[in-house]
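The values are calculated or read from the model by the stated rules, or taken from the named source; none is laboratory data. Keep in mind it's a predicted model, so treat the numbers as computed, not measured. Cβ placement follows ideal geometry from the backbone for every residue including glycine, while neighbour counts extend to all protein chains displayed.
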């Protein structure tokens with residue numbers, strides 16, 4: 001029996017996938033089912049509206065939306081869904097050093113929040129999605145605690161590698 005995806009990962013273009021794959025990978029590490037699709041705010045607005053309106057009905061808990069350039073996808077999807085949306089600004093070929101994407105996602109009007117991670121930081125978006133799910137799922141919260149502990153261990157190992165004990 002197929003598991004129901006808990007996180008939807010959408011992006012405006014296939015060219016965004018190399019960045020967005022980091023979110024897919026970290027969520028799979030946590031054992032979280034994902035669905036991945038290309039949903040362009042400008043080229044497929046009807047698909048974007050249907051995705052935003054139906055996501056919670058299909059069992060999703062969080063949406064991660066990555067976009068470059070004008071980056072309207074995260075905010076527009078957030079305007080149509082009751083789910084938390086995490087925006088990933090992507091530095092695209094037509095980008096102004098990524099600032100256009102960052103500001104388009106970050107500067108949302110009151111009432112339509114989008115949690116925004118750093119430029120190209122889809123892995124952080126995946127971790128944040130896992131934390132959101134973990135706020136209501138004790139087993140996921142334990143996985144997050146273990147993950148945070150592993151980060152601490154990695155830093156200790158790096159410290160040892162440079163000669164500190």
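Assorted remarks:
Quick grid of which residues meet (1) surrounded by fewer than 20 Cβ atoms within 10 Å (Cβ to Cβ); (2) assigned to a loop (DSSP other than H, G, I, E, B):
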residue	(1), (2)
3	yes, yes
8	no, no
17	yes, no
25	yes, no
32	no, yes
43	yes, yes
50	yes, no
57	yes, no
64	no, no
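- Annotation note: Cβ proximity below 8 Å between a residue of the stretch 117-146 that is at positive phi and surrounded by 19 or more Cβ atoms within 10 Å (Cβ to Cβ) and a residue that is assigned to a helix (DSSP H, G or I) and modelled with pLDDT of 95 or more (sequence gap 6+ or interchain) occurs for 120/19.
- Qualifying residue in the stretch 68-80 (condition: surrounded by 19 or more Cβ atoms within 10 Å (Cβ to Cβ), assigned to a strand (DSSP E or B) and at pLDDT below 95): yes
- Qualifying residue in the stretch 21-38 (condition: within 12 Å of the chain's Cα centre (by Cα) and more than 28 Å from residue 141 (Cα to Cα)): no
- Those residues of the stretch 81-90 which are buried (at least 23 other Cβ atoms within 10 Å of the Cβ) and touching a residue at least 40 places away in the same chain (Cβ under 8 Å), in sequence order: 86, 88, 90
- Residue 42 fulfils the conditions (1) more than 14 Å from the chain's Cα centre (by Cα); (2) under 24 Å from residue 92 (Cα atoms); (3) modelled with pLDDT of 95 or more except for a single criterion, (3).
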